[in-house]
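No lab work stands behind these numbers, since they all come straight from the coordinates. Bear in mind the structure is a predicted one, so any value in this text is a computation, not a measurement. Here Cβ is always computed from backbone atoms with ideal geometry, including for glycine, and neighbour counts include all displayed protein chains.
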Amino acid sequence: MQYKDSKKNLKDIAKELGVNNILEGSVRKVGNRVRIKWPVDRC
């Protein structure tokens, strides 16, 4: 979570990490279930 609330754009973060793809998602609890969403952004 080191980039949470970061002002950096995804391309710069991907370059720092040496990756081509970034998972950017959310976790939400609804009752006794957990919903995880993770769209993939190509950098």
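For Ile22, the residues whose modelled amide H falls within less than 5 Å of its own, excluding neighbours fewer than 5 places apart on the same chain, are Asp41, Cys43. Matching the structure-derived P(r) over Cα pairs in 10 Å bins from 0, in percent against the labelled list (i) 24, 47, 20, 8; (ii) 30, 51, 18, 1; (iii) 28, 47, 20, 5 gives the label (i). Maximal additional length on extending the Glu24-Lys11 stretch stands at 3.4 nm, based on 0.36 nm per residue less the C-alpha distance.
Would you calculate a helix-derived [θ] at 222 nm for the chain, using -39,500 (n - 2.57) for each DSSP H run of n ≥ 4 and dividing by the full residue count, to the nearest 500? Spell out each step's value before the answer.
Numbers: 1 runs with 8 residues, N = 43.
Result for the chain: -5000 deg cm²/dmol, rounded to the nearest 500.
Taking the number of Cβ atoms within 10 Å of each Cβ as an exposure proxy, the fewest-first ranking of Leu10, Leu23 is Leu23, Leu10. Overall, the chain carries a charge dipole of about 260 debye about its Cα centre when +1 sits on the Cβ of Lys and Arg and -1 on the Cβ of Asp and Glu, all other atoms neutral.
Its relative contact order, with pairs defined as Cα atoms under 8 Å and 6+ residues apart, puts the chain at 35 percent.
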